[in-house]
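Report on the structure given below.
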Amino acid sequence: MEDESIIEYNDQLWAIVNEDVVTIGVKQEVFEDINEVWGVDLPEEGNEVNTEEICGEVETDDGPINLYAPIEGEIVDINTAVQSDFELLFDDNNEDGWLFKVKSSNSEDLEQFLSENESDSEDEDL
């Protein structure tokens, strides 16, 4: 996954949009002050998620990292590898360290997410 396609949102998370599917992960810099991950609780495949509602958690020695979906939709894939190999979150965050994928059930919601983040990146360029 190329860095330029990553959208950062919610202070701790990143998303990559591929048509109507959004891949979610935790930003690498979040793990800089964390020494240990104790568990990864991901939503179940097939579950429906709502925008900005907690749908999972990464348990760490620095407290939990709440996972949010940036869009409304259905969980279409989860990365079970991160549940047994926490090092993926530290070492390969943007490749094998992704957490789950959401298929948008509301195209307006997806368009709004993309539009909001496009204007955020334009503001950073100023």
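The values are calculated or read from the model by the stated rules, or taken from the named source; none is laboratory data. Since we're looking at a predicted model, the values are computed, not measured. Because the Cβ atoms are built from the backbone with ideal geometry, glycine has one as well, and the counts that use them run over all protein chains shown.
Observations on the structure shown:
- Which numbered condition Glu57 misses (of (1) assigned to a loop (DSSP other than H, G, I, E, B); (2) surrounded by fewer than 19 Cβ atoms within 10 Å (Cβ to Cβ); (3) touching a Leu at 6+ places or on another chain (Cβ under 7 Å)): (1)
- Residue within the stretch 14-32 that is surrounded by fewer than 14 Cβ atoms within 10 Å (Cβ to Cβ) and either more than 27 Å from Glu118 (Cα to Cα) or within 13 Å of the chain's Cα centre (by Cα) (or both) present: no
- Residue count, the stretch 42-59 (criterion: under 16 Å from Gln12 (Cα atoms), among the acidic types (Asp, Glu) and in contact (Cβ under 8 Å) with a residue 24 or more places away in the chain): 1
- Put simply, of Asp11, Asp62, Asp41 the only residue that is within 22 Å of Ser115 (Cα to Cα), charged (D, E, K, R), touching a helix residue (DSSP H, G or I) at 6+ places or on another chain (Cβ under 9 Å) and surrounded by fewer than 16 Cβ atoms within 10 Å (Cβ to Cβ) is Asp11.
- Failed criterion for Glu57 (all others in (1) at pLDDT below 90; (2) of a type in the set (Asp, Glu); (3) in contact with an Asp or Glu (Cβ under 6 Å, 6 or more places away or on another chain) hold): (1)
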